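Participant: The structure is given below, and queries will be raised subsequently.
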Amino acid sequence: MKEYIITNQTGRLDKVISELDSSISRSRAKNLIDDQHLKVNGEPVKPKYQVKSGDKIQVDSVQPTPISLEPENIPLDIVYEDDDVIVVNKPQGMVVHPSPGHPDHTLVNALLYHSPLSTINGEFRPGIVHRIDKDTSGLLMVAKNDKAHQFLSQQLKAQKNLRKYVALVHGRIKEDSGVVNAPIGRSPKDRKKQAVVSDGRSAVTHFEVLERFADYTLVACRLETGRTHQIRVHMKYIGHPIVGDPLYGPRKTIRGNGQFLHAQELGFEHPRTHQLMIFSAPLPPIFEQTLNNLRLNNALGS
């Protein structure tokens with residue numbers, strides 16, 4: 001057990017402990033508090049507890065759950081498959097590959113049960129050529145062997161793939177189309193977030209308005225680059241954060257299963273046949289229903 005006596009630190013408990021102990025992230029601290037492995041003055045508290053001078057914080061020595069790469073029989077929505085590639089339609093709420101916060105029940109666990117995968121992308125990301133966020137739905141290409149993986153990865157690096165998303169954003173975008181060209185890197189204010197920063201990596205997002213509502217806009221976004229959280233960060237940057245986004249959006253929003261962002265179209269040159277292949281996936285039911293509700297409200301308000 002570790003103990004810390006608070007002298008001049010203030011703020012939420014999960015934030016303070018992550019600052020006191022660099023080995024404990026804020027999300028890890030929250031999990032420890034929720035599981036009552038982190039207490040204040042011997043008593044269980046909430047992550048939002050406001051730390052005071054003189055508080056004694058006690059942290060149990062708990063080993064994180066080991067990451068599992070066991071194949072799991074989880075249903076997959078496979079759009080296309082051959083000896084080299086799989087195109088899968090990932091549902092909202094599914095993490096792509098195992099990590100300390102998500103040791104199992106991931107897309108990779110499901111894919112391993114279904115098929116052999118490439119091995120060149122690290123121990124915990126077999127087959128994964130590119131990722132989408134946990135609460136983003138839609139299409140991913142997966143490599144079944146190393147040769148296919150190398151070919152697909154080179155296409156991504158050369159920006160030759162088609163990756164088109166549909167997003168519902170806050171506010172009415174006046175322009176019919178536009179380009180956001182703004183570098184992205186880790187936020188200096190919150191290490192869990194990405195942000196537009198001067199020394200970030202080049203990031204370019206093309207957008208086109210599909211439909212306007214009273215307070216929202218439906219847009220298609222095409223990625224030229226593929227930075228972490230790119231569309232989410234860029235849309236916030238231009239003043240139109242994605243609806244339902246818990247990280248970059250406002251608190252007052254339409255509730256769903258996370259951000260209303262769907263990887264609708266995916267195109268690539270096949271690694272063996274060199275044929276251009278383009279796939280599409282329908283919007284999730286909750287996304288479609290939300291659009292129908294907005295259309296109804298528009299009609300009633302007109």
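Only the coordinates and a few stated rules stand behind these numbers; no lab work does. Because the structure is predicted, anything quoted here is derived from the model rather than measured. Glycine gets a Cβ as well: all are built from the backbone with ideal geometry, and neighbour counts include every protein chain shown.
Participant: Using Cα springs under 10 Å in a Gaussian network model of the chain, which residue among Gly249, Gly226, Gly54 shows the largest mean-square fluctuation?
Facilitator: Gly54
Participant: Please tell me the relative contact order of the chain in percent, rounded to the nearest whole number, where contacts are Cα pairs under 8 Å and at least six residues apart. Could you put the intermediate results ahead of the total?
Facilitator: Details: 626 pairs, mean separation 40.0, N = 302.
Relative contact order of the chain: 13 percent.
Participant: Highest GNM mean-square fluctuation, the chain, Cα pairs closer than 10 Å: which of Leu69, Leu38, Leu117?
Facilitator: For the chain, modelled as a Gaussian network with Cα springs under 10 Å, the answer is Leu38.
Participant: Return the sequence-ordered ³J(HN,Hα) values of the stretch 258-272 in whole Hz as given by the Karplus equation 6.51 cos²θ - 1.76 cosθ + 1.60 applied to θ = phi - 60°, using x for Gly and Pro.
Facilitator: Per-residue couplings from phi come out as x, 5, 7, 9, 9, 6, 7, 10, 9, x, 7, 7, 5, x, 9 Hz.
Participant: How big is the stretch 128-254 by Rg and Dmax over its Cα atoms, in Å?
Facilitator: Final numbers for Rg and Dmax: 15.2, 49 Å.
Participant: Rounded to the nearest 0.05, what FRET efficiency do Gln150 and Lys48 have when you use their Cβ-Cβ distance and R0 = 45 Å?
Facilitator: That pair, Gln150 with Lys48, gives E of 0.45.
Participant: Under a crude label model (7 Å from the Cα following the beta-carbon direction), how far is His37 from Phe124 in nanometres?
Facilitator: Simple spin-label model gives 1.5 nm for this pair.
Participant: Another question about this same structure. Which three lengths, in whole Å and largest first, does the chain cover when its Cα atoms are put on their principal axes?
Facilitator: Projected onto the principal axes, the Cα atoms of the chain cover 65, 54, 38 Å.
Participant: How much length would be gained if the chain were fully extended between Lys160 and His270, taking 0.36 nm per residue of separation minus their Cα-Cα distance, in nm to one decimal?
Facilitator: Taking Lys160 through His270 to full extension adds about 38.4 nm, to one decimal.
Participant: If you don't mind, there's one more thing I want to ask. Multiply the residue gap between Arg172 and Leu20 by 0.36 nm, knock off their C-alpha separation, and tell me the result in nm, one decimal place.
Facilitator: Full-extension gain reported as 50.4 nm.
Participant: Any chance you could tell me what percent of the C-alpha pair distances in the stretch 235-298 go past 20 Å?
Facilitator: Details: 948 of 2016 pairs.
Roughly 47 percent, rounded to a whole number.
Participant: When His130, His97, His234 are ordered from fewest to most other Cβ atoms inside 10 Å of their Cβ, what list results?
Facilitator: His130, His97, His234
Participant: In what sequence do Leu261, Leu291 fall when counting other Cβ within 10 Å, fewest first?
Facilitator: Working: Leu261 27, Leu291 19.
So the ranking, lowest neighbour count to highest, is Leu291, Leu261.
Participant: Using only the alpha carbons of the stretch 68-158, what is the convex hull's orientation-averaged projected area in square nanometres?
Facilitator: 5.4
Participant: Does the stretch 212-272 come out rounded, prolate or oblate by the C-alpha gyration tensor, with a ≥ b ≥ c the root eigenvalues, rounded set by a/c under 1.5 and, if not, prolate when a/b is larger than b/c and oblate if not?
Facilitator: It is prolate, given that a/c is not under 1.5 and a/b is the larger ratio.
Participant: Just the Cα atoms of the stretch 2-59: what Rg and Dmax do they give in Å?
Facilitator: Calculated on Cα positions, Rg and Dmax stand at 9.7, 26 Å.
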